[in-house]
Amino acid sequence: MNVSIIGAANTKFGELWDVSPRALAREVVFGALKDAGIEVRQIQALFVGNMLSGMLGGQEHLGAFFAEELGFTNAAAFKIEGACASGGLAIHTAVNGILSGQYETVAVLGVEKMTDHKPEDVATALMGAGSSQERAAGCTFPGLYAILARMHMQEFGTTEEDMAAVAVKNHYHASLNPNAQFHRPITIEAVLKSHKVADPLKLLDCSPISDGASALVLSVRRQASGVKIVASSVATDTLGLDQRASLTELQATKEAALRAYKQAGIEAKDIDVAEAHDCFTIAEILALEDLGFYIKGSAARAIQAGEVTLGKAKKLVVNSSGGLKGCGHPIGATGVKQVVELVAQLRGTAGARQVAGARMGLAHNVGGSGATAVVHILKR
Amino acid sequence: MLSPVKLWRNQKKVGEMLGRTGKIISWTTVRVPPADFSDQAPYPVALVELDGGGRITAQLVDWEDQNLKTGQKVANVVRRIIKPNTEGVIPYGIKVKPI
């Protein structure tokens with residue numbers, strides 16, 4: 001697969017009340033272009049990952065919206081939507097644009113502005129990613145993952161402490177990331193004592209509502225210090241939990257991972273650093289099992305033992321950025337941010353959170369309660 | 001959600017599900033609800049394995065603490081989903097209640 005990542009940038013993630021979506025896009029795309037050392041006119045297409053601009057902001061037609069703002073006036077421009085996997089899908093679509101021979105150099109922008117709106121309105125908008133029956137049930141995304149968490153607890157003896165350990169790890173990693181929403185390490189007790197959102201999930205089991213943007217420049221041209229995309233795969237499952245074959249795994253993640261490992265010609269054990277979709281703490285546990293890093297039912301204890309924590313891990317480190325939990329989760333930006341983090345890790349420029357000698361990285365981005373899964377594998 | 005035409009089309013599905021029984025296989029209590037459900041929170045939402053096959057995710061009504069458990073038998077009932085505004089159509093749908 002001849003696609004190189006020649007530029008990458010993130011904005012700060014957080015409650016950015018004084019920054020507009022236009023300003024986020026300018027900062028991050030011009031940052032990625034500068035990183036790539038190329039000019040605006042060299043970008044032939046723009047792929048925008050975003051979920052909620054229509055429902056929350058009343059603005060659709062985002063391809064043209066951001067192309068105008070960025071001065072990409074003659075470029076092709078698209079919005080790609082797949083709930084929380086919008087960013088990963090935008091990268092996949094950009095990769096396909098290059099592989100088809102249509103474009104040589106393209107930009108990917110993941111962006112979301114969420115904190116301008118009331119939490120109830122954001123919860124309603126996010127449920128657009130679920131099934132109509134789940135909306136009629138008054139369920140929320142914390143609620144859907146809580147249902148999955150209880151299934152996992154019943155089947156494998158996973159505990160609330162196990163889930164809390166995911167949040168503790170990812171807040172620790174976030175404390176080392178200047179762009180993360182949270183810089184404060186937390187304890188297991190703090191997670192367990194935080195107020196309940198959707199039992200058994202508590203506030204500190206949940207990723208936050210965030211603003212932020214991330215961008216990449218992809219090209220057929222290579223750089224000396226370049227990072228290549230060696231696999232890009234997407235798989236889907238039913239929108240609603242009640243139509244799934246299994247409720248203790250995300251089938252779309254398993255399928256996307258299998259295809260990606262095959263494309264790259266590698267196995268799960270070859271991965272040095274992974275960004276896994278931890279929208280809720282249970283989601284990272286599910287992900288590490290479904291991606292093939294741990295056998296079913298064994299990831300929770302491994303995470304709690306520090307097996308994937310910076311400075312303690314023997315090999316694989318998971319969510320060095322802080323993940324969705326600690327770094328923040330601006331929906332459309334998340335899948336792109338995961339890849340930006342891997343680029344930093346593989347270039348060796350991740351600073352205090354550098355995974356020593358990282359050569360192979362995996363990004364795992366999920367939409368909804370597992371209806372869409374995107375896996376990218378990157379190699380130095 | 002409150003388009004009368006959408007509600008009318010959806011009634012057929014509601015009719016097919018009505019009266020079916022099953023048991024709870026997982027559940028949660030929603031404490032931070034979507035905007036239209038604010039007046040009902042907190043409330044339980046159950047994932048139910050239906051007798052004769054299939055599953056449904058639905059709000060649990062007429063419940064007591066002892067009903068919040070795996071294996072609890074429930075039946076599908078028709079209930080108002082949310083309160084519409086004063087001029088809106090009232091949306092009805094499937095909820096589940098302990099039996």
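Tabulated results
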item: Positive-end residue, the stretch A:163-293 charge dipole about Cα centroid, Cβ charges, pick of A:277, A:173, A:240; result: A:173
item: Gap separating the Cα centres of the stretch B:64-99 and the stretch A:88-103, nearest whole Å; result: 45
item: Charged-residue dipole, Cβ positions (Lys, Arg, Asp, Glu), the stretch A:1-60 about Cα centre, Debye nearest 20; result: 140
item: Theoretical gain in end-to-end length, residue A:223 to residue A:155 [0.36 nm per residue, Cα-Cα removed]; result: 19.7 nm
item: Neighbour-count ranking [beta-carbon atoms within 10 angstrom, fewest first] of A:189, A:134, A:275; result: A:189, A:134, A:275
item: Percentage relative contact order, the stretch A:260-360, counting C-alpha pairs under 8 Å, at least six apart; result: 31
item: Per-peptide average of other Cβ atoms within 10 Å, ordering A:144-151, B:43-50, A:28-35 highest first; result: A:144-151, B:43-50, A:28-35
item: Relative contact order of chain A, defined on C-alpha pairs under 8 angstrom at six or more residues apart (%); result: 26
item: Unit charges on C-beta of K, R, D, E only; dipole of the protein assembly as shown, Debye; result: 620
item: Proxy reagent accessibility, fewest Cβ within 10 Å first, across A:247, A:192; result: A:192, A:247
item: Restraint check, A:113/A:196; A:254/A:337; A:169/A:296; A:169/A:202; A:196/A:337, Cα-Cα greater than 18 Å; result: A:113/A:196; A:254/A:337; A:169/A:296; A:196/A:337
item: Charge dipole magnitude, Cβ of K and R +1, D and E -1 - the stretch A:139-208, Cα centre, debye nearest 20; result: 240
item: GluC sites (Glu not before Pro) restricted to the stretch A:1-64 and DSSP loop, no more than 13 other C-beta within 10 Å; result: A:39
item: Shape call, the stretch A:197-338: gyration tensor on alpha carbons, a/c limit 1.5; result: rounded
item: Number of partner chain Cβ atoms within 10 Å, mean per residue of B:47-57; result: 4
item: Cα-based shape type of the stretch A:283-371, given that a ≥ b ≥ c are square roots of the gyration tensor eigenvalues and the cut on a/c is 1.5; result: oblate
item: The protein assembly as shown pair-distance distribution - Cα-Cα, 10 Å bins, rounded %; result: 4, 21, 31, 25, 14, 5, 0
item: The stretch B:48-62 - phi-based ³J(HN,Hα) in whole Hz, Karplus 6.51/-1.76/1.60, Gly and Pro as x; result: 10, 8, 7, 5, x, x, x, 9, 9, 9, 8, 5, 8, 10, 6
item: Positive-pole candidate from B:61, A:309, B:81, dipole of the protein assembly as shown, charges at beta carbon; result: A:309
item: Percent antiparallel among DSSP beta bridges (both partners in chain A, rounded to 5); result: 70
item: Nearest 10 degrees, 0 to 90: helix B:4-17 Cα axis against chain B principal axis; result: 20
item: Whole-number percent relative contact order across the stretch A:72-193, with pairs defined as alpha carbons under 8 Å at least 6 apart; result: 12
item: Amide H contacts under 5 Å for residue B:43, placed H, 5+ residues apart; result: B:30
item: Neighbour-count order for A:91, B:25, B:94, B:99, fewest beta carbons within 10 angstrom listed first; result: B:99, B:25, B:94, A:91
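Each reported figure results from applying straightforward, stated rules to the coordinates on display, with no laboratory input. Because the structure is predicted, anything quoted here is derived from the model rather than measured. All Cβ positions, glycine included, derive from the backbone under ideal geometry; neighbour counts span all protein chains shown.
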